[in-house]
Amino acid sequence: GACWPIAHRYAQNQSHLCKHIAVPRIAASNRWKKQEMASFASPLQPLSNGATSIAADEELLYTLEDVRITAAPQEGDSTPWGAGRLRVTSRRVLWEQPAHGFELLAKRVGLHAVTRDAQTFPEPCLYVQLLLSDAAADDAVSELFLVPPDAAALEPLFDALSRTAELNPDSDDESDESDGGMLGIAGEDDEPDAEAMLRRFDAMLAD
């Protein structure tokens, strides 16, 4: 079968694997699993005054200034949020910016991938898909596009998010205690959605 170019890579939170994509596209259908965990309104938690400090029990993995973010809701138009300082720690992603600063726990990231497809986003960026609860509003932010000041920073940024994903694996206890379903990237019970998502990622990660 056809393969994604070796230069493109993916990471997804279900198994916390990050690797070069050089696998048949058909095999990707088994990677998008529906997850279950406690419901939450939004994975993006605002930062007080747009900034925060690193806790004593977490490690700073990566810092990058002037990272521009565009936020995309489940329905509606994407919105540029401006530029801010991005920090990736052993537990979360922090974007420090006066108007839209947020923290994002590693377990709330469903998938992240480098994309240079101009139809997906006009600039090379790191695409981040968020895990939302079933009860999330239609205008809840479900995707982020992170644009560093230099495209050369995409690989180390990708690696930092991959590392924090590895440090925060899904726990069986968290799934067992859940009483609310997550919106899966795709699952066995969501074949039409799965196929649509796979087609989208095919386009996103194509040269």
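General observations
- Segment 124-157-segment 77-119 distance, computed between alpha-carbon centres (Å): 5 Å
- One decimal place: the segment Asp159-Ala137 gains 4.8 nm when fully extended, by the rule 0.36 nm per residue minus the C-alpha distance.
- Cα gyration tensor shape of segment 105-171, rounded if a/c is under 1.5, else prolate or oblate by comparing a/b with b/c: oblate
- Excluding ligands, DNA and RNA, the accessible surface per residue across segment 46-116 is 46 Å² with a 1.4 Å probe.
- Label point of Ala83 set 7 angstrom out along Cα-Cβ; within segment 110-125, amide nitrogens under 19 Å from it belong to 122-125.
- Anisotropy class of segment 35-165 from Cα gyration tensor, a/c 1.5 cut: rounded
The values are calculated or read from the model by the stated rules, or taken from the named source; none is laboratory data. From a predicted model like this one, the values you see are computed outputs, not experimental measurements. As a convention, Cβ positions derive from the backbone with ideal geometry for all residues, glycine included, and neighbour counts pool all protein chains shown. Heads up: the accessible areas ignore ligands, DNA and RNA and are worked out on the full protein's heavy atoms, side chains in. Shrake-Rupley method; radii C 1.70, N 1.55, O 1.52, S 1.80 Å.
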